[in-house]
Amino acid sequence: MTGRLNKKVAIVSGAGSVGPGWGNGKATAVLCAREGAKVFGVDLDLGAADAPRGIIEAEGGVCATHAADVSKAASVAAMVEACMAAFGRIDVLVNNVGIARTGGIATT
């Protein structure tokens, strides 16, 4: 890796994977760490965010995790506060969460 994110702090929302294997969020969190970032992994399911954390820490990186529902403003504010408390700054934000609303064209 090139170290393009050395000394940076990256929030990755949707850092966990749905089910086994590698999803976009898990891969992004791990790759940010491999590029030198301290990663703040966020997921609705804290257990899902812990999977990339384990990989990052096993490779010598730094990762903190946080549960948040990024569809709710108060939850996003708490996420930002928690990242600032953990790392003192935010340099990169990766919003890897899709929020779908179901229904007909008139209601969505």
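Taking first residues from the stretch 11-31 that are in a loop (DSSP other than H, G, I, E, B) and partners that are modelled with pLDDT under 95 and β-branched (Val, Ile, Thr), the Cβ contacts under 6 Å between residues at least 6 apart in sequence or on separate chains come to Gly14/Val97. State whether one or more residues within the stretch 38-56 are β-branched (Val, Ile, Thr), in a loop (DSSP other than H, G, I, E, B) and in contact with a strand residue (DSSP E or B) (Cβ under 8 Å, 6 or more places away or on another chain). No. Scanning the stretch 1-22 for residues that are over 19 Å from Ala86 (Cα atoms) and among the hydrophobic types (A, V, I, L, M, F, W, C), we see that the one that is modelled with the lowest pLDDT is Met1.
Residues that are surrounded by fewer than 13 Cβ atoms within 10 Å (Cβ to Cβ) and assigned to a helix (DSSP H, G or I) within the stretch 58-77 comprise Ala58, Ala73, Ala74, Ala77, listed in sequence order. From the set of residues in the stretch 78-97 that are part of a loop (DSSP other than H, G, I, E, B) and under 15 Å from Ala15 (Cβ atoms), which is modelled with the lowest pLDDT? Step by step, filter the stretch 78-97, then rank; the result is Val97.
Within the stretch 53-98, the set of residues being of a type in the set (S, T, N, Q) and touching a Ser or Thr at 6+ places or on another chain (Cβ under 9 Å) comprises Asn95, Asn96. Checked against the criterion of being closer than 16 Å to Lys7 by Cα and charged (D, E, K, R), the candidates Glu35, Glu59 yield just one match: Glu35. Restricting attention to the stretch 32-77, the residues that are without any contact (Cβ under 8 Å) to a residue 12 or more places away in the chain and more than 13 Å from Val12 (Cα to Cα) add up to 9.
Got at least one residue in the stretch 27-39 being surrounded by 19 or more Cβ atoms within 10 Å (Cβ to Cβ) and hydroxyl-bearing (Ser, Thr, Tyr)? Yes: the stretch 27-39 contains one or more residues that are surrounded by 19 or more Cβ atoms within 10 Å (Cβ to Cβ) and hydroxyl-bearing (Ser, Thr, Tyr). What do you reckon, is Ala106 small (Gly, Ala, Ser), under 18 Å from Lys8 (Cβ atoms) and either assigned to a helix (DSSP H, G or I) or free of Cβ contacts under 8 Å to residues at least 60 places away in the same chain (or both)? Answer is no for this residue.
The values are calculated or read from the model by the stated rules, or taken from the named source; none is laboratory data. What you are looking at is a predicted structure, and each value in this text was computed from that prediction instead of being measured. Cβ sites come from the backbone with ideal geometry, for glycine too, and all protein chains shown count toward neighbours.
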